[in-house]
Amino acid sequence: MTRTTSTNANTGSDGDEQDNLARLVDAMLQLVAADGWRPITLGAVALRAGVAMSDAHALCGDRVGLLIAYARRVDVAACADAEAGSDADTRYDELLDILMRRFEILNANREAVARLLGELPADPCTLLRCLPAARRSFAGLARAAGYPDLGIAGMAMTKALTAVWLMTQRDWLRDDTPDLAATMASLDRNLRRAIDLLAPLVGHPVETATDEV
């Protein structure tokens with residue numbers, strides 16, 4: 001009986017922590033959209049989120065931890081319905097869907113994300129701290145689609161996906177179509193080129209008629 005009570009208490013505590021973290025991330029995005037990244041502090045975010053500073057520090061450490069938590073939340077949502085492909089074509093289609101869902105999720109906070117992308121290059125310390133999480137992120141996206149995420153093949157795949165994302169991201173920032181059609185076209189083009197280069201390691205999807213145009 002005591003053991004059951006303890007388990008329920010822990011579950012409640014975990015739920016509170018996840019709720020607080022979600023509120024902190026949302027507050028961070030709101031402040032970035034309004035004021036940019038430079039003036040953001042964990043204290044300001046915690047105050048806006050209505051979360052005690054001690055709890056905020058325990059959950060994410062500092063403002064960079066909030067960025068990493070946001071990226072993780074986006075990846076979890078993008079991969080929520082993913083099914084690893086069993087052959088080259090289904091893996092490609094799944095990865096394309098995952099990456100496109102990622103852009104669609106980011107689009108909900110487009111103003112904040114655009115400001116982050118514009119200001120973070122001037123903050124090399126933050127960028128360096130985010131690099132390991134970014135590598136894990138792209139490895140996880142590849143794994144969710146059925147591509148290798150370990151060894152030489154996994155390393156090559158992670159680097160290729162990073163390049164694909166950065167190239168497509170530029171088009172996403174300029175894309176004002178309601179369905180992000182321009183982003184989808186750019187992503188498909190960039191991803192196919194990358195997978196073509198990695199074909200000896202990951203397999204080669206069948207080209208469609210539009211690829212030859």
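On inspection, Ala88 passes the criterion of being small (Gly, Ala, Ser), closer than 24 Å to Tyr147 by Cα and assigned by TED's automatic domain parsing to the domain that holds Asp188. Just to be sure before I move on: is Leu99 under 11 Å from the mean Cα position of the chain (by Cα), touching a residue at least 60 places away in the same chain (Cβ under 8 Å) and surrounded by 14 or more Cβ atoms within 10 Å (Cβ to Cβ) in the structure I sent? Spelling it out, Leu99 is indeed under 11 Å from the mean Cα position of the chain (by Cα), touching a residue at least 60 places away in the same chain (Cβ under 8 Å) and surrounded by 14 or more Cβ atoms within 10 Å (Cβ to Cβ).
Does any residue of region 77-92 turn out to be more than 14 Å from the chain's Cα centre (by Cα) and under 17 Å from Arg115 (Cα atoms)? Within region 77-92 (the criterion being more than 14 Å from the chain's Cα centre (by Cα) and under 17 Å from Arg115 (Cα atoms)), the answer is no, since none of the residues qualifies. Scanning region 162-187 for residues that are buried (at least 20 other Cβ atoms within 10 Å of the Cβ), in a helix (DSSP H, G or I) and without any contact (Cβ under 8 Å) to a residue 60 or more places away in the chain turns up just one, Ser186. Being within 22 Å of Trp172 (Cβ to Cβ), of a type outside the set (Val, Ile, Thr), touching a residue at least 12 places away in the same chain (Cβ under 8 Å) and assigned to a helix (DSSP H, G or I): is that true of Leu24 here? In short, no. Take the conditions (1) more than 26 Å from Tyr92 (Cβ to Cβ); (2) under 17 Å from the mean Cα position of the chain (by Cα); (3) not polar (S, T, N, Q); Asp176 misses just one of them, which is (2). Considering region 1-45, and only residues there that are among the hydrophobic types (A, V, I, L, M, F, W, C) and at pLDDT below 95, the residue that is farthest from Ala114 (Cα to Cα) turns out to be Met1.
Restricting the search to region 136-155, which residues are surrounded by fewer than 19 Cβ atoms within 10 Å (Cβ to Cβ), part of a helix (DSSP H, G or I) and hydrophobic (A, V, I, L, M, F, W, C)? If the condition is that a residue be surrounded by fewer than 19 Cβ atoms within 10 Å (Cβ to Cβ), part of a helix (DSSP H, G or I) and hydrophobic (A, V, I, L, M, F, W, C), then Ile152, Ala153, Met155 are the ones that fit.
Filtering region 80-100 to residues that are among the hydroxyl-bearing types (Ser, Thr, Tyr) and under 16 Å from Leu198 (Cβ atoms) leaves only Tyr92.
Taking the stated definitions as given, is Ser54 surrounded by fewer than 19 Cβ atoms within 10 Å (Cβ to Cβ), over 23 Å from Asp175 (Cβ atoms) and at pLDDT below 95?
No; evaluated as a whole, the condition is false for this residue.
Checked across region 77-91, the condition of being over 17 Å from Met157 (Cα atoms), at pLDDT 95 or above and part of a helix (DSSP H, G or I) holds for at least one residue.
The values are calculated or read from the model by the stated rules, or taken from the named source; none is laboratory data. All values derive from a computational prediction rather than experimental measurement. For neighbour counting, all protein chains shown are included, and Cβ atoms are generated from backbone atoms with ideal geometry for every residue, glycine included.
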